[in-house]
1. Across the stretch 21-35, what is the total count of residues that are open to solvent by 90 Å² or more (accessible area, probe 1.4 Å) and part of a loop (DSSP other than H, G, I, E, B)?
2. Does G319 meet the test of being of a type outside the set (A, V, I, L, M, F, W, C), under 21 Å from N195 (Cα atoms), modelled with pLDDT under 95 and open to solvent by less than 60 Å² (accessible area, probe 1.4 Å)?
3. For the stretch 195-216, indicate whether the set of residues that are of a type in the set (F, W, Y) and open to solvent by less than 20 Å² (accessible area, probe 1.4 Å) is non-empty.
4. With the structure loaded, tell me whether E47 is in contact with a strand residue (DSSP E or B) (Cβ under 6 Å, 6 or more places away or on another chain), among the charged types (D, E, K, R) and either touching a residue at least 24 places away in the same chain (Cβ under 8 Å) or part of a helix (DSSP H, G or I) (or both) or whether it fails that test.
5. Residues that are in contact (Cβ under 8 Å) with a residue 24 or more places away in the chain, under 30 Å from I157 (Cα atoms) and within 22 Å of the chain's Cα centre (by Cα): which strands (runs of 3 or more DSSP E) entirely in the stretch 55-139 hold 1 or more of them?
6. Considering only the stretch 182-202, I want to know if a residue exists there that is closer than 18 Å to L81 by Cβ, of a type in the set (A, V, I, L, M, F, W, C) and under 20 Å from the mean Cα position of the chain (by Cα).
7. Within the stretch 121-146, how many residues turn out to be of a type in the set (A, V, I, L, M, F, W, C) and open to solvent by 30 Å² or more (accessible area, probe 1.4 Å)?
Amino acid sequence: MLDSTDIRKNNTNRIRTELWKGGEHTKLSMAADTGLSVATCNTLLNELAENGEVTGEKRQINGVGRSSMIYKINENFECILCVRFDLLSDNMRSLNIDVISMLGNVIRSTATSYPAISADMIGKHIAGHISDFSNISLILIGTNGIIDNGVIRMSDIPEMDNVDLETELKKYTGSIPFYLAYDCQYRAYGAYKVNHYENITLTIMHCIKHVIPGTATVVNGRIIKGKNGFAGMTGYMPSELDKQKINEQIAAGNSDIIVNSIVSVITVLNPDEFVFAGNVINEDHLDMIRTKCGTFLPEDFLPHFSVAEDSGMHYYLEGMYHMAKDIKTDNIPF
């Protein structure tokens, strides 16, 4: 049973959720949008204005009548740091860092590549951004490989495999909370949120040349992680080929390996939507994939197949942004 403190926190988070959508609000419009009472909205909006999270000014609505207090989010109050590292098809390591406002606007974006990467390198980049942006309130980190109790496992980047990233990054993040997740989980969650889904199952497959493909699935708004975060690592399905040969076959255009992974996901999760990200599958492949999947499964049980624009990178960042909002309102989707 919730006590009064929990109720107040939940109500404040409902108001924050509306404010993060942007626009201007009165206590009356906020009450209509949240279902809270006008008195509650008035009290909580004033509290948020006092601590600087929102701004408020008295203004006539449409220039007529009595003045009302108009509230909107203070975009300078806090921001989110989004850090992503991955293996590229040319065997370079990418490091992407974005600073995002609570309205989802990108304040700074950097993309660099290196022949090798380390937790120390990532930590120093994080520390530099913390120094530049004193209002960072949360850090989201996307990893190449699953996260098992803070440790990177099954990474395609040899020097990052089995690194206790959580422990290493605590040296650089100070008191700012941070969250680690397998990159495909962010991509899947971003695709789910961008398309405004609520009650469907969506799977995203990230497949780039020379890297073992992986998937992540969101079911009714919840990310399927499994016991150790291993759910969706279809590249580790039984095969007569070793991992290097699998990579070579995919890079050469052998679609059978990918189709086998897709069929496995469909038989277990039966997704409504199956999205391809990366640089292996494009629109020209979809009919062929559907036909090959149809040799194993009834046509009626096949999902809708689609290809993400820009290799799914926008889904990645969108997933981090929406995950950050969920974390800040105690609504983590797993």
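The values are calculated or read from the model by the stated rules, or taken from the named source; none is laboratory data. Worth saying up front: this structure is predicted, and the values here are computed from it rather than measured. Virtual Cβ from ideal backbone geometry, glycine too; neighbours counted across all protein chains shown. All accessible areas refer to the heavy atoms of the entire protein, side chains included, with ligands and DNA or RNA removed. Shrake-Rupley method; radii C 1.70, N 1.55, O 1.52, S 1.80 Å.
1. The qualifying residues number 2.
2. So G319 does not fit the description; no.
3. no
4. In short, no.
5. 79-87, 93-101, 106-114
6. Checking the stretch 182-202: not a single residue is closer than 18 Å to L81 by Cβ, of a type in the set (A, V, I, L, M, F, W, C) and under 20 Å from the mean Cα position of the chain (by Cα).
7. The number of residues fulfilling the criteria is 4.
Okay, residues lined up against (1) over 17 Å from M313 (Cβ atoms); (2) out of contact with any Gly (no Cβ under 9 Å at 6 or more places or on another chain):
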site: P177; (1), (2): yes, yes
site: L180; (1), (2): yes, no
site: A191; (1), (2): no, no
site: E198; (1), (2): yes, no
site: L202; (1), (2): yes, yes
site: V211; (1), (2): no, no
site: A216; (1), (2): no, no
